[in-house]
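In what follows, a structure is listed as C-alpha cells, so that the remarks can point back to it.
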Amino acid sequence: MARLADTAGIDVVGQAIQRFDKPNSATYIGPGKVDEVKLLVQELQADVVIFDDELSPRHQRELERIFGDDVKVLDRTALILDIFAQHAQTREGKLQVELAQLEYRLPRLTRMWTHLARQAGGRAGGATGGVGLRGPGETQLETDRREIGRRISQIKEELDGVRAHRERHRSKRQQTELQVVAIVGYTNAGKSTLLNKISGADVLAADMLFATLDPTTRKVDMPGGREVLFTDTVGFIQKLPTQIVAAFRATLEEISDADLLLHVVDVTHPNAAAQIEAVEDTLAELEAEHLPMVIALNKADRLTDQEATLRDLDLSAPAALVSARTGKGIDELLILIEATMVKLLQPIEVHLPYERGDLLSLFYERGQVDEERHSGTGVHLFGRVPSRLIPVLDPYRAE
C-alpha cells in the first residue's frame, strides 16, 4: 500500500491497522479506531487518508465528515485508478482508465452535493409549509449523472472501435503463424526490463508500480532458430479492482490468446509466494489458468541461497533463475521456453510440391522437422508445427 501511495506521488507519514470480522456499516472501521485515526491525522497534519480496501460511498461520506472538509478519504481502488491515469500512454489505455474512473465515481456523486440539497430542502420546506421542492444541489446531481452517463456511453463506443482494430491486428498477427508468449507477473516484478533484455526493445522499465499499462509486442529469435513473439502486459496486484479488470479486458485478452505464459516473479520480494498466488488468481479470473507456463525467477543476482528460495516457493511450473538487469540466466530461460513450446507442437506428415518452397520454409521456421525425404514430385516432411499452422498445411497431408 505504501508503494502504491509513493507511485501516486503521496508521502506516507503514518498508518493504522484494525482487525475485524466485518466492516462497520457507517465508517468501515470501528468508532474507537476512527477517533484514533482522526487524532493521528491532526498530529501528523495529513491531508489524505487511504484505506487498503474498497470503501462504499457511505463510508467515504461519513469518514470525510468526521475527519474534516480539508481531509480527503481515498480507497485502494481510487488510488490505483489515479496511478493508471498517470501512466496510460495510448488512446486505448487513456479511454480504458477514464471509463473505469467514471464508473467508479458515478455512485459516489451524492457526497459532493448532499449538503446543498439539505440546505435547499430546509428553506423550501419553511416557505411552503413543508412541501418538498427540488433544490439546486439535487438538480446539479442529476445533471452530473446524465453527463457522466453520456460520457460513459461515448467512451464505450470509441473502445468498441479500438477493440475491433486490435482484433484485426491480432488476427493478422496470428496469420504469421508465430507462436506468442505473454509476459505476466506482479507489478514491478521486472517484466518490461526482461522484455528489453530478451528482445533488445526499448520499453519503459521503471522501479514503480504499473509502469507499463499498454501491451508491447516484440519478435525474438530463439536459440533453436525459431522466431517467437513476446508480449508485455499490465502488471497484476493483490485485490486488483474489478473496474480495472473490466476496463482492461481487451488488453488482457492478449494473455488468453497466447500459446504460453512467461510468469516473471521478483524472487527477492519477502511476499513472493503471495504475489505468485495473486497472479494465478487473476489468470483464473481471465480464464487463462489452463495455458502452459514457464516461470522466470527474476533478480536472482541478489539471492544468497537460491536452493532454499526454490524450496520455499514450491513452484508448479518449470522455472529458471534470471537477472533481467545483468542478463544472467537469460539464455537458459529461452532454452526452457523453447523446449516447453516444442511440446505444444502438433505432429503432421506432408508432401509439399517443389513449387511450394514457401511452405517448406514456413515448416522449418515455425515448426520442427524430424525427417525429410525428396522425390520426383516434391519434399516429404514429417515433424511438428504450431496448431495454427495445421490449416495451412492440411491440403498437403501425406496419405
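Residue by residue, here is whether (1) assigned by TED's automatic domain parsing to the domain that holds GLU227; (2) at pLDDT below 80; (3) in a helix (DSSP H, G or I); (4) under 30 Å from LEU362 (Cβ atoms) holds:
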| site | (1), (2), (3), (4) |
| --- | --- |
| ARG146 | no, no, yes, no |
| SER171 | no, yes, yes, yes |
| ALA182 | yes, no, no, yes |
| GLY185 | yes, no, no, no |
| ASN188 | yes, no, no, no |
| remark: Among strands (runs of 3 or more DSSP E) completely within region 345-399, the ones holding 2 or more residues that are among the hydrophobic types (A, V, I, L, M, F, W, C) and over 24 Å from LYS219 (Cβ atoms) are 346-353, 378-385
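For residues that are part of a helix (DSSP H, G or I), closer than 19 Å to VAL245 by Cα and not hydroxyl-bearing (Ser, Thr, Tyr), tally how many sit in region 281-309.
Counting residues in region 281-309 that are part of a helix (DSSP H, G or I), closer than 19 Å to VAL245 by Cα and not hydroxyl-bearing (Ser, Thr, Tyr) gives 4.
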| Looking at (1) surrounded by fewer than 19 Cβ atoms within 10 Å (Cβ to Cβ); (2) in contact (Cβ under 8 Å) with a residue 12 or more places away in the chain; (3) aliphatic (A, V, I, L, M), which is the one condition that is false for LEU39? | (2)
| Selection within region 42-96 - charged (D, E, K, R) and touching a residue at least 40 places away in the same chain (Cβ under 8 Å) | ASP52, ASP53, GLU54, ARG61, GLU64, ARG76, ASP82, ARG91, GLU92
| task | Test ALA324 against the stated conditions and say whether it is touching a Leu at 6+ places or on another chain (Cβ under 8 Å), crowded, with 16+ Cβ neighbours inside 10 Å and not in a strand (DSSP E or B). | result | yes
| Considering LEU262, LEU286, which residue is aliphatic (A, V, I, L, M), modelled with pLDDT under 80 and under 25 Å from MET341 (Cα atoms)? | LEU286
| task | Exactly one condition in (1) farther than 30 Å from GLU280 by Cα; (2) modelled with pLDDT of 90 or more; (3) not charged (D, E, K, R) is not met by THR340; state its number. | result | (1)
| query | Residues LYS38, LYS33: which one is basic (Lys, Arg), out of contact with any helix residue (DSSP H, G or I) (no Cβ under 9 Å at 6 or more places or on another chain), outside the structural domain of ILE155 (by TED's automatic domain parsing) and modelled with pLDDT of 90 or more? | reply | LYS33
| region 346-355, residues that are crowded, with 16+ Cβ neighbours inside 10 Å and out of contact with any Phe, Trp or Tyr (no Cβ under 7 Å at 6 or more places or on another chain) | ILE348
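Which one of LEU303, LEU313, LEU321 is in contact with a strand residue (DSSP E or B) (Cβ under 6 Å, 6 or more places away or on another chain) and assigned by TED's automatic domain parsing to the domain that holds ARG218? Even if it seems obvious, please write down each step before you answer.
Details: LEU303 fails: in contact with a strand residue (DSSP E or B) (Cβ under 6 Å, 6 or more places away or on another chain); LEU313 fails: in contact with a strand residue (DSSP E or B) (Cβ under 6 Å, 6 or more places away or on another chain).
Criteria check complete, one pass: LEU321.
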| Going through region 359-376 one residue at a time, which ones are loosely packed, with under 10 Cβ neighbours inside 10 Å and under 19 Å from PRO386 (Cβ atoms)? | GLU371
| task | Exactly one condition in (1) outside any helix (DSSP H, G or I); (2) modelled with pLDDT of 90 or more is not met by ILE276; state its number. | result | (1)
| Number of the condition not met by LYS343 [criteria: (1) loosely packed, with under 12 Cβ neighbours inside 10 Å; (2) more than 19 Å from GLY224 (Cα to Cα)] | (2)
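The values are calculated or read from the model by the stated rules, or taken from the named source; none is laboratory data. This is a predicted model, so every value here is computed, not measured. A quick note on method: Cβ atoms are made from the backbone with ideal geometry, for glycine too, and the neighbour counts reach across all protein chains shown.
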